[in-house]
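Everything below concerns the one structure shown next.
Just so it is clear, none of the values below were taken in a lab; they were calculated from the coordinates. The shown structure was predicted, so the numbers you read here are calculated from the model rather than taken from an experiment. Note that we place each Cβ from the backbone using ideal geometry, even for glycine, and neighbour counts take in every protein chain shown.
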Amino acid sequence: MFGLQRKKQVVKIRSLNETKKYGVAATSLKELLKKGSKLLQVPLVGSHISMYEDGTELTEDYFRSLPDNAELVLLAMDERWSGFVCDIGRLLDTDRNSDLLIDAAKGLLSNERSPKRRRLLGDLLLHLKDSSEAENREDDEDWFQGNKSSILGWIEILQETMWQPKERWRKTRTFLFFNLKQTVSLRLYRSIFGLSGIDDRFKTKSAYMKYNCESRIRGYMKEVHSYAQTIQKPKLKDEYKKTAECLVMQLKSDKYNGCYFNRKEKEQNRLCTQEGWFSCQGAFDHDECKSLHSINPYGNRESRILFSTWNLDHGIEKKRTVIPTLVEALQKHKSSNINLDYFYKLLFTRENLKLVHIVCHKKGAHDLLCDKRKIYKQGKRK
Ligand SMILES: [Zn+2]
Ligand SMILES: [Zn+2]
């Protein structure tokens, strides 16, 4: 029976919310799930296991090739673990000893060879560097600076998002960069990737963050405008354009809801704390973010730039649902009968927007519909 007998794997396992690790031996993933669920009191049905370090989901095959004492996280059905960064998120919330932590992380980083660990320590340091109490440009010039020194670092990020196979991209990278440099698009490219500093007209962090939010909301309005091109019937198109103009007027009077990102605003108007901390509100179909994602773009330049990967996600989707529903309503009724306030709220306000970390931004269809009772003004409903 030699060879058929499976070796016992010894692993260290913990649950999502407890940091205490337990040693467990098992011959299969199935057995490990069984033992782990019992030990950590996680419901067995739907439970799954991720690598502690990077969140990779454990499969039966992968299980057999685990090194001894691999660190794992046992998760209940709807829980997710995206790796060590989750713990950094928790460190972020504890302000104490941050100087000690910075020194410790720097020490580790200077001896660390593994690119992955270097990256993780870098992330840690990034989050600990906090000058969020400074508000004016003259008190934190660095925050307003561009990322000139690490253009290649940003190209690495570009590379991650590129559809090209890595090898090919690596070869074209240098070529592309020097060509970009000679074209006007470099300016655009630089501003998109945060390489050029913040415009001189912004004297405070809050003023810039307010503008940042406004720009996002303006972007949604642009999408509303451009949808007109897809409407064939001239009369309907006219009604749609009229409606869009009403939305713009409302947006202008609300100052494009820039208040959401402005920490100087009254509490009920902003999404952040007074210090500038934003917390992920969880995927559109979840009540909260179990990974405790949070970020303070006011804290340092890198966080400000990273904040651009956080999204205001429409629960009821703007392009797939809200705008087509508006057009459909206009087909049946005059624009004056449409409950525009409802559509305004869906398109541009917190009532239908959630601020989410990129991990909690689900790309698939949301399958949520507009509330039929709210589409038309009271009494005008069909
Ligand atoms: Zn999240
Ligand atoms: Zn989305």
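Name the shape class, rounded, prolate or oblate, that the alpha-carbon gyration tensor gives for region 9-83, where a ≥ b ≥ c are the square roots of its eigenvalues, rounded holds for a/c under 1.5, and otherwise prolate holds if a/b is larger than b/c and oblate otherwise. Rounded. Considering only DSSP beta bridges whose two residues both sit in region 9-83, what percent are antiparallel, to the nearest 5? If I count the DSSP bridges inside region 9-83, around 65 percent turn out antiparallel. In a reduced charge model with +1 at each Lys and Arg Cβ and -1 at each Asp and Glu Cβ, region 205-374 shows a dipole moment near 500 debye about its Cα centre.
Modelled spin-label separation between GLU71 and HIS225, with each label point placed 7 Å from Cα along the Cα-to-Cβ direction: 5.1 nm. Spatially, region 49-85 and region 194-227 are offset by 39 Å when compared through their Cα centroids. Going through the cross-link list LYS205/LYS354; LYS222/LYS345; LYS210/LYS233; LYS129/LYS264; LYS116/LYS290, which pairs have a Cα-Cα distance over 28 Å in this structure? The answer is LYS210/LYS233. Can you compute the FRET efficiency between ASP285 and THR59 using 1/(1 + (r/R0)^6), with r the Cβ-Cβ distance and R0 = 30 Å? Round to the nearest 0.05. Once rounded, the FRET efficiency stands at 0.75.
If R0 is 25 Å, what FRET efficiency do you get for LYS242 and ARG350 from their C-beta distance, rounded to 0.05? In this case the efficiency is close to 0.45.
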